[in-house]
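Only one structure is covered here, and it is reproduced in the block below.
The values are calculated or read from the model by the stated rules, or taken from the named source; none is laboratory data. Computed from a predicted structure; not experimentally measured. Please note: Cβ atoms are built from the backbone with ideal geometry, for glycine as well, and neighbour counts cover all protein chains shown.
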Amino acid sequence: MTIDYVHGYSELESRRLGDQANALAALLHGGTSYPAGSRVLEVGCGIGAQTAHLVASSPGARIVAVDVNEASLAQARDRVLATSPDAEVEWHCADLFELPFPDASFDHLFVCFVLEHLADPHRALVELRRLLRPGGTITAIEGDHGSVLFHPDSAHARAAIDCQVRLQALAGGDACTGRKLQPLLANAGYGGITVRARPVYADQNLPELVEGFTRNTFIAMVESVGDDALAAGLTTPDDWHRGVADLRRTAEAGGTFQYTFFKAVAVNGS
């Protein structure tokens, strides 16, 4: 089953993913490290933006990174090689629903920004549980576009964000998956589930987050779907340009921006 990645595979998207991973490394990866010798599967590794941080935080762990896109995997290899040249990472090009691994062959699973792009995340989580040894853990991280707060507020900016949400839905995904992690994991048979909200807030006193997250991650993501939103008849050129301009205003002096990610950890077993 091929996943329709709504953001595409452009060079700009690769840069955005890298900016996001670096700006949010402490927020998303804090508390996540795997013991040396443990076997860890990262599903949907993409360009390796998160893989590089996994490798750095878990020296000695045996990371196996999987993605369906060969070009993304090539970028992932180069990224990890540049940051951790001695790391031993296995790379596999495979479909999430046809993973070439035996049952109970991993100690831990790491799934970041993947479930939101799937038409059937329940099926994916059930398939992944097959690969996890009894007592092994899964870490799942997702955002939630319904959590966006910003100043100055703007109906046009919210409409522009909604275009991205609707396009993702048309592609079979759900941009508000973060709030659903606990029931998704529970219904897939995992136990010991804990979910923590991890908000990121940026204003002019936090210039690195304004640049790395508000401007280069979130606004860049919304801007990238403009042509598709217009082609799908979800907006008009005037409304789109007004919405993007208002969204950019939140990254300028006097503007503020907040978004919430959700990080879940669960166990294969009760």
* Asked: Picking from ALA169, ALA186, ALA175, which residue would you name as being assigned to a loop (DSSP other than H, G, I, E, B) and among the aliphatic types (A, V, I, L, M)?
  -> ALA175
* **ALA160 being closer than 21 Å to TRP240 by Cβ and part of a loop (DSSP other than H, G, I, E, B)** => no
* To do: Tally the residues that are of a type in the set (A, V, I, L, M, F, W, C), under 19 Å from PRO134 (Cα atoms) and surrounded by fewer than 23 Cβ atoms within 10 Å (Cβ to Cβ), restricting the search to region 37-63.
  => 1
* Considering only region 162-187, state which residues are among the small types (Gly, Ala, Ser) and either more than 15 Å from the chain's Cα centre (by Cα) or farther than 22 Å from ALA264 by Cα (or both). => ALA169, ALA171, GLY172, ALA186
* To do: Mind counting the residues in region 101-138 that are among the acidic types (Asp, Glu), closer than 27 Å to THR217 by Cα and part of a loop (DSSP other than H, G, I, E, B)?
  => 1
* Could you list, in sequence order, all residues of region 159-176 that are over 15 Å from MET221 (Cβ atoms) and not acidic (Asp, Glu)? => ALA159, ALA169, LEU170, GLY172
* Is there a residue in region 130-144 that is under 30 Å from ASP239 (Cα atoms) and either surrounded by fewer than 22 Cβ atoms within 10 Å (Cβ to Cβ) or out of contact with any Phe, Trp or Tyr (no Cβ under 9 Å at 6 or more places or on another chain) (or both)? -> yes
* Can you tell me how many residues in region 227-270 are in contact (Cβ under 8 Å) with a residue 60 or more places away in the chain, assigned to a helix (DSSP H, G or I) and not hydrophobic (A, V, I, L, M, F, W, C)? -> 6
* Asked: Taking region 41-84 as the search range and keeping residues that are among the small types (Gly, Ala, Ser), out of contact with any helix residue (DSSP H, G or I) (no Cβ under 6 Å at 6 or more places or on another chain) and outside any helix (DSSP H, G or I), which one is nearest to PHE97 (Cα to Cα)?
  -> GLY44
* Restricting attention to region 188-227, report how many residues are among the aromatic types (Phe, Trp, Tyr) and within 16 Å of the chain's Cα centre (by Cα). => 2
* To do: Determine, yes or no, whether GLY146 is on the phi < 0 side of the Ramachandran plot and not in a loop (DSSP other than H, G, I, E, B).
  => yes
* To do: Sort out which residues of region 8-40 are under 28 Å from LEU167 (Cα atoms), assigned to a loop (DSSP other than H, G, I, E, B) and at pLDDT 55 or above, and write them in order of number.
  => LEU24
* Residue by residue through region 245-270, note down the ones that are among the polar types (S, T, N, Q) and out of contact with any His (no Cβ under 7 Å at 6 or more places or on another chain). => GLN258, THR260, ASN268, SER270
* Unique match (being of a type outside the set (S, T, N, Q), modelled with pLDDT of 95 or more, crowded, with 18+ Cβ neighbours inside 10 Å and at negative phi) among LEU185, LEU209, LEU230 -> LEU185
* To do: Can you confirm whether region 241-249 contains a residue that is more than 20 Å from ALA49 (Cβ to Cβ), surrounded by fewer than 18 Cβ atoms within 10 Å (Cβ to Cβ), out of contact with any Gly (no Cβ under 6 Å at 6 or more places or on another chain) and not aliphatic (A, V, I, L, M)?
  => yes
